[in-house]
Each structure stands twice: as structure tokens, then as C-alpha cells.
Amino acid sequence: MLPKEILEKILRIDITTNRLVTDVFAGAYHSVFKGRGMEFDEVREYQPGDDIRSIDWNVTARTGFAHVKKYVEERELTVMVLVDASASVHFASTHQMKNKLAAQIAAVLAFAAIRNNDKVGLLMFTDEPELFIPPKKGKAHVLRVIREILYFRPRAKATDLPKVLEFLTKVIRRKSTVFIISDFLDSNADFVDLRKSMRIANQHHDLIAITLTDPREIDLPDCAMVELTDAESGTQLIVDTSNELLRREYHAKAVGFIKNRCRLFDTIGIDHIDLSTDVPYTSALVAFFAKRRHRLAR
């Protein structure tokens, strides 16, 4: 039996997300993701005007007559939502924790997918895949996905994205649209390892990174001595935040990390959506859909 608090959160997300998808995202999702792929339908005899690049040479050799492969537009997609459950996402300096923002984003994407008759799957991860729900259709399935995200209690604290992406490519064989919702604070891998694993996964799937950031991860407040704790490693450090030089160095390091993360995605050719816990996510998602639609139309 789920706690009353979780049931209320599921109901609240169901109502608000459904309205948001109906009003804003359903059409945008369809125009960006639907009909982009082609799947094999049948082999038929060559007809004047057919593209010679579609000739099936094996069938042609066997029958003695030219045959071509016929493809149809692929209308059904598989959408995988990968949600970071490591300790670093259980953090907030505003009214919203990063993991709660992740749940809302996952709900929007899942509801948009089922509105377009697509399958949705979930993978909750830390330094290993902790919960895998195979892709299925239907609202009941999506509500289960949301419930699992809200109610999930991870076993580990750290993050290991390369291991998670390797698991993904093994269990999901069909080309899918994969949203990775994470702060990308990977305690077990540097950007070199992450670049390699994401490049391999992106060859099999269409990867989209959704990054989560809290304002305090970029700027320290001026409030004298504070104890900082690394949520994933447990390392503690006492710092004097009234030191302006220290605050500048902290900010510069955070900005450098974000720039390197963006550069990582750009070099692989992965779209990314940058979200912050203190800013409504709607405009960022709308901008993402518009940008991708414009690129596909060229």
C-alpha cells in the first residue's frame, strides 16, 4: 500500500502534467519525434522510377529480376526515460529538489509519448541500473512509471553513467528515443569515459540529455563558515564563504564544469536541455522542441 503522500503527489502530477501536455507539448512532441524513422515493409519487383539504392541484390540474384526494398514510415516509437537516483539529485536550495524536478519532466515526456501511442520505459540508476521497467503503452503504465520515480529508494549513492548506458544498449535492442535526466555529477567517471559510452549509446539510440542544476551548485552565499558535504562520496569540507576569492573560484569551477558538459554533448551530437530548480521548466522544453523541429525541417 502506497503512503497517502505519494498517492497525492501522483494525482497532482497526473492532473497538472496532463493539462500541460494537452495545451503545450503533445503537438510539439509529434512534430519532432513522430515519423522520423523508416522501417522495412516488403520486397517487390523494381518499377521505373524506383531509387536504385533500394535494390535488394540478394533477392535480385535469386530470382533473376530486379527487386527493391519497400519501407514505410515508422509511426510507433519507443521512449526510454533514464532517471538519476544518486545522492546528488536529492538536493535543493530552492522550493524544489532536483529529483522532484526529474519526476515532473519524466511525467511530461511519458504522457506526451502515450498521447502519440508510443511505448514508454523507465530506468532508475545510481552507480548501477537499479530499476528497469520495460517499455509499454497506456496511461496505467505511465502512472506506474511516475509512482516508481516518486517512491523509489536507491541502494547506492554514487553515479556510474557508462555502466548504465552499457546496460541500456543490451536490454533495448530497437532504436529508441532516450532521455537521460541527471545532474551528470558522475563520481565514477570523467568526461573521457562518459564521452565514449555516450557515443556508443547514441549510435544505437537517439540520446537527449536533460541536465539538472541547483543555484547553490553555481554560487555560494556569503554566510561565513559552512560545512560542505559531497552527497555521493561523503567527503566533508569546512569553508569560509565570506571569502570573496573562494566564492569566485567556486563559481568559476562550476561554470567550467557546465561548459565542459555542454562541449561533451556537442562533440557527440547529442541534444541537451539545461534545467535549474529555480526556473520553470516549461519554456526550456518548448525551446528544445522548437529548435529540434527547425533543424529537422531544413
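The values are calculated or read from the model by the stated rules, or taken from the named source; none is laboratory data. Since the structure is predicted, the reported quantities are computational estimates derived from the model, not experimental observations. Counting neighbours? That spans all protein chains shown, and the Cβs are built from the backbone with ideal geometry, glycine included. We work out accessible area using only protein heavy atoms, side chains counted, and drop any ligands, DNA or RNA first. Shrake-Rupley method; radii C 1.70, N 1.55, O 1.52, S 1.80 Å.
For segment 159-184, taking the residues that are open to solvent by 10 Å² or more (accessible area, probe 1.4 Å) and acidic (Asp, Glu), the one that is nearest to PHE257 (Cα to Cα) is identified as ASP160.
Within segment 227-240, does at least one residue satisfy the condition of being at pLDDT below 90, among the charged types (D, E, K, R) and either buried (at least 17 other Cβ atoms within 10 Å of the Cβ) or touching a His at 6+ places or on another chain (Cβ under 9 Å) (or both)? There is at least one residue in segment 227-240 that is at pLDDT below 90, among the charged types (D, E, K, R) and either buried (at least 17 other Cβ atoms within 10 Å of the Cβ) or touching a His at 6+ places or on another chain (Cβ under 9 Å) (or both).
Flag: LYS137 matches the condition of being over 22 Å from SER197 (Cα atoms) and touching a helix residue (DSSP H, G or I) at 6+ places or on another chain (Cβ under 9 Å). Hey, any hits in segment 268-279 for a residue that's of a type in the set (Gly, Ala, Ser), under 20 Å from ALA106 (Cα atoms) and either within 20 Å of the chain's Cα centre (by Cα) or open to solvent by 30 Å² or more (accessible area, probe 1.4 Å) (or both)? Yes, there is a match, as at least one residue in segment 268-279 is of a type in the set (Gly, Ala, Ser), under 20 Å from ALA106 (Cα atoms) and either within 20 Å of the chain's Cα centre (by Cα) or open to solvent by 30 Å² or more (accessible area, probe 1.4 Å) (or both). Here VAL192 clears all of (1) out of contact with any strand residue (DSSP E or B) (no Cβ under 9 Å at 6 or more places or on another chain); (2) at pLDDT 90 or above; (3) farther than 28 Å from ALA112 by Cβ except the condition numbered (2).
Counting only residues that are at pLDDT below 80 and either exposed (fewer than 15 other Cβ atoms within 10 Å of the Cβ) or among the basic types (Lys, Arg) (or both), segment 32-50 holds 9 of them. Apart from one condition, THR94 fits all of (1) crowded, with 22+ Cβ neighbours inside 10 Å; (2) over 16 Å from TYR151 (Cα atoms); (3) hydroxyl-bearing (Ser, Thr, Tyr); the exception is (1).
Each residue in segment 199-216 was checked for being without any contact (Cβ under 8 Å) to a residue 40 or more places away in the chain and either over 24 Å from GLY121 (Cα atoms) or not charged (D, E, K, R) (or both), and 4 pass. Out of curiosity, is VAL171 β-branched (Val, Ile, Thr), more than 23 Å from VAL108 (Cβ to Cβ) and modelled with pLDDT of 90 or more? Criteria met by VAL171. Being of a type in the set (A, V, I, L, M), modelled with pLDDT under 95 and under 26 Å from ALA85 (Cα atoms) holds for only one residue in LEU212, LEU220, and it is LEU220. Looking across segment 129-158 at every residue that is assigned to a loop (DSSP other than H, G, I, E, B) and closer than 26 Å to ASP14 by Cβ, the one that is most open to solvent (accessible area, probe 1.4 Å) is identified as ARG153.
Within segment 223-235, residues that are under 18 Å from ALA158 (Cβ atoms) sit with their Cβ atoms under 6 Å from residues that are exposed (fewer than 13 other Cβ atoms within 10 Å of the Cβ), at 6+ positions apart or across chains, in these pairs: LEU228/LEU237; THR229/GLN236. Quick check: is even one residue across segment 65-84 outside any strand (DSSP E or B), open to solvent by 10 Å² or more (accessible area, probe 1.4 Å) and over 26 Å from ILE172 (Cα atoms)? Yes, because at least one residue in segment 65-84 is outside any strand (DSSP E or B), open to solvent by 10 Å² or more (accessible area, probe 1.4 Å) and over 26 Å from ILE172 (Cα atoms).
Take the residues of segment 195-246 that are assigned to a loop (DSSP other than H, G, I, E, B) and under 30 Å from ALA287 (Cβ atoms): which is nearest to the chain's Cα centre (by Cα)? Among them, the one singled out is HIS205.
Restricting attention to segment 159-183, the residues that are outside any strand (DSSP E or B) and over 14 Å from HIS204 (Cα atoms) total 7.
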